[in-house]
1. So what's the gap between the Cα centers of the range 1-65 and the range 73-147, to the nearest angstrom?
2. How do 228-238, 105-115 rank on mean C-beta neighbours within 10 Å, highest first?
3. What relative contact order, as a whole-number percentage, does the range 2-154 give when Cα pairs under 8 Å and 6 or more residues apart are counted?
4. First check a/c for the range 30-92, with a ≥ b ≥ c the square roots of the eigenvalues of its C-alpha gyration tensor; if it is under 1.5, answer rounded, and if not, answer prolate when a/b is larger than b/c or oblate otherwise.
5. Per 0.36 nm of contour for each residue apart, how much would the distance between residue 229 and residue 19 grow if the chain were fully extended, relative to their Cα-Cα spacing?
6. I want to check the label-to-label distance for residue 46 and residue 220. Put each point 7 Å from Cα in the C-beta direction and report it in nm to one decimal.
7. 7 Å from Cα along Cα→Cβ at both residue 11 and residue 191: what's the point-to-point distance in nm?
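No lab work stands behind these numbers, since they all come straight from the coordinates. The model shown is predicted, which means the values in this text are computed figures rather than measured ones. Cβ coordinates were reconstructed from backbone atoms using ideal geometry, including for glycine residues, and neighbour counts include every protein chain displayed.
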């Protein structure tokens, strides 16, 4: 069942968030006067999961975390945010199960999109409803991710489909969306190659990220091509993403 492996992942995440380095993060917020009422991240998690997402007190808890992340980019803030939003992401996974035959791949795409959303969010420009903003943007960008995949699958379905497009008058002019997509892919390729040059990514890591994140290919296929088992490739990609953070969207 999906809940089995997802619960296993959450237990590992929970253990990490309760470790000493994360306690120091919470103390950092205490020192600035934020979140003083919480003695541990578990207390924060419990509070954030109670009541409605529209509760304005949740914005008061979430905002200093987002501000701190915006200031220093420490990946540990993203881990904390992932713990806080885990039930919401699990809800998205349940709603969008039909979007991907590989439920684990769907889950990891949700997490990836969520991390992109929190990395791009500027709390200074969002006066309220932070929880709802992050949740809604995750769904919106996840749909964009899969729409690109569905469009590619449609384009690859054969000459007959292309003939139908022409007959319908849909092939006139330049495909602006495709040009924008290609430009974004080139930007992301340059970014990832830069990390290889800095020694932060290995060549297999680069192959996995380019294949799955830039071109949207199934992780299983990319893993097989470089001689890795699916689970090993999944863990390798997770570690690589944790090291460098999300990049430019497709």
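1. For the range 1-65 versus the range 73-147, the Cα centre distance is 16 Å.
2. Numbers: 228-238: 16.4, 105-115: 20.9.
Per-residue Cβ counts within 10 Å, averaged per peptide and sorted highest first, yield 105-115, 228-238.
3. Numbers: 102 pairs, mean separation 37.4, N = 153.
With pairs under 8 Å counted, the relative contact order is 24 percent.
4. Details: a/c = 1.68, a/b = 1.22, b/c = 1.38.
It comes out oblate by the Cα gyration axes.
5. On the way: separation 210, 0.36 × 210 = 75.60 nm, distance 3.01 nm.
Extra length from residue 229 to residue 19 when fully extended: 72.6 nm.
6. Label at residue 46, label at residue 220, 4.2 nm between them.
7. Computed distance between label sites residue 11 and residue 191 equals 3.4 nm.
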